[in-house]
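Working notes for the structure below.
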Amino acid sequence: MKLAMIGFGQAGGKIVDRFLGYDERTGSKIVRAAIAVNSAKADLMGLEKIPQENRVLIGQARVKGHGVGADNELGAEIAEEDIDEIQNAIDQIPTHEVDAFLIVAGMGGGTGSGGAPVLAKHLKRIYTIPVYGLGVLPGTDEGGIYTLNAARSFQTFVREVDNLMVFDNDSWRSAGESVEGGYDQINEEIVRRFGILFGAGEVGEGQDVAESVVDSSEIINTLSGGGVSTVGYASEEVDLNTGGGLLSRFTNNGGGGIDDELDAANTTNRITSLVRKAALGRLTLPCEIEGAERALLVLAGPSEYLNRKGIERGRKWLEEETGSMEVRGGDFPREVPEVSAAILLAGVTNVPRIKRLQQVAIEAQDNIEEIQAESQENLESLVDDGEDELEPLF
């Protein structure tokens, strides 16, 4: 799948930067064009892979390149005001070569959470290709203002995109790790999962062609219908150098003997087990998978370790677990020393984290309003504290 990726805000820019690094390492050619948009000059300067000419600084008249200070209403306003600046960069993208736009943003800050929905609305008005969002939720320990930002941004962003894929930091931060180390690890997890999904179907010269190809139309059909999506992932190492060892059990060497039949049965079971681990393990957004409207399964790895029957059985199991009749699946041959399963669950609705986020945000909003009212009263009592009121200067 060929994507035009737009990183909005600090988190969004860093993730798109990381996707470009993934493309370089794996040759997956997912990112057809990459743009970073920010109101903070320092954040744009910190990027490594996104070309300088594709880094767009917005809001200079209002915030002088210093960011919006977690004020996502201001973030939305400056995105509206400077939408032509962003469009000038998008005009350089050969959109006839692109399958979809992907707007990536952290939803807790100011620039990304405010500006990403504004850009999504703008792109949908102009282009016919899908506009997807990848939103990153802040951890609950990051503070009330970030939770409030995320809740307001979420309910706006999800309405403006064709589908909103969500990654929840709360589920992925480890205790005791540094902030920078934690976010580096999180960004790597995001890129690994979405890299397998979006990279499926891309075949280079001399590479194996999948038995059951997953191409961009499969992904677009799975994401159609809007709503919220989450991604599951699991992998196991394999040995590319020897016929035996750790996961020779995955493979079926052919030959028709009893050993080969046992190998094939074992391979099928191992793949089914990997699919279950991906679906029932840590999702990018934790949720109950039952009731997901659509799903897509991608099994990636060396072709000799992939088994059609295992993929089909994994797909059937997903149908039963989700209750969906729209479960697509296929393989993605890759010469890497691991077999991995990536599962896209689209149209999920049973998401306790989102419900909790909305509740905490409403409480935070009420608290902010109370504090502001109390602050005004306290100021008045401080200034007018005395029996005889002073005359003001003007």
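The values are calculated or read from the model by the stated rules, or taken from the named source; none is laboratory data. Bear in mind the structure is a predicted one, so any value in this text is a computation, not a measurement. When we count neighbours, we look across all protein chains shown, and the Cβ atoms used for this are built from the backbone with ideal geometry, even at glycine. Ligands, DNA and RNA are excluded from the accessible area calculation, which covers all protein heavy atoms including side chains. Shrake-Rupley method; radii C 1.70, N 1.55, O 1.52, S 1.80 Å.
For the reader, a short list of remarks on this structure follows.
Yes or no, residue by residue, for (1) under 23 Å from the mean Cα position of the chain (by Cα); (2) modelled with pLDDT under 95; (3) of a type outside the set (D, E, K, R):
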site	(1), (2), (3)
Leu20	yes, no, yes
Gly27	yes, yes, yes
Ala36	yes, no, yes
Ala40	yes, no, yes
Lys49	yes, no, no
Asn54	yes, no, yes
Ala76	yes, no, yes
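- Spans of helices (runs of 4 or more DSSP H) in the stretch 1-88 with at least 3 residues farther than 30 Å from Ile196 by Cα and open to solvent by less than 10 Å² (accessible area, probe 1.4 Å): 72-81
- Subset of the stretch 89-135 [hydroxyl-bearing (Ser, Thr, Tyr) and either part of a loop (DSSP other than H, G, I, E, B) or open to solvent by 30 Å² or more (accessible area, probe 1.4 Å) (or both)]: Thr95, Tyr127, Thr128
- Output for the stretch 338-377, where each listed residue is buried (at least 17 other Cβ atoms within 10 Å of the Cβ) and in a loop (DSSP other than H, G, I, E, B): Gly347, Val348, Val351
- Filter result (under 16 Å from Ser235 (Cβ atoms) and in a strand (DSSP E or B)) within the stretch 275-334: Leu297, Val298, Leu299, Ala300, Gly301, Asp331, Phe332, Pro333
- Residue pairs meeting the criteria (Cβ under 6 Å; at least 6 apart or on separate chains; first touching a residue at least 40 places away in the same chain (Cβ under 8 Å), in the stretch 57-77; second surrounded by 19 or more Cβ atoms within 10 Å (Cβ to Cβ) and of a type in the set (D, E, K, R)): Ile58/Asp82
- Taking the criterion of being closer than 17 Å to Glu321 by Cβ and buried (at least 20 other Cβ atoms within 10 Å of the Cβ), the residues of the stretch 266-284 that qualify are Ile271, Thr272, Leu274, Val275, Ala278, Ala279, Leu283.
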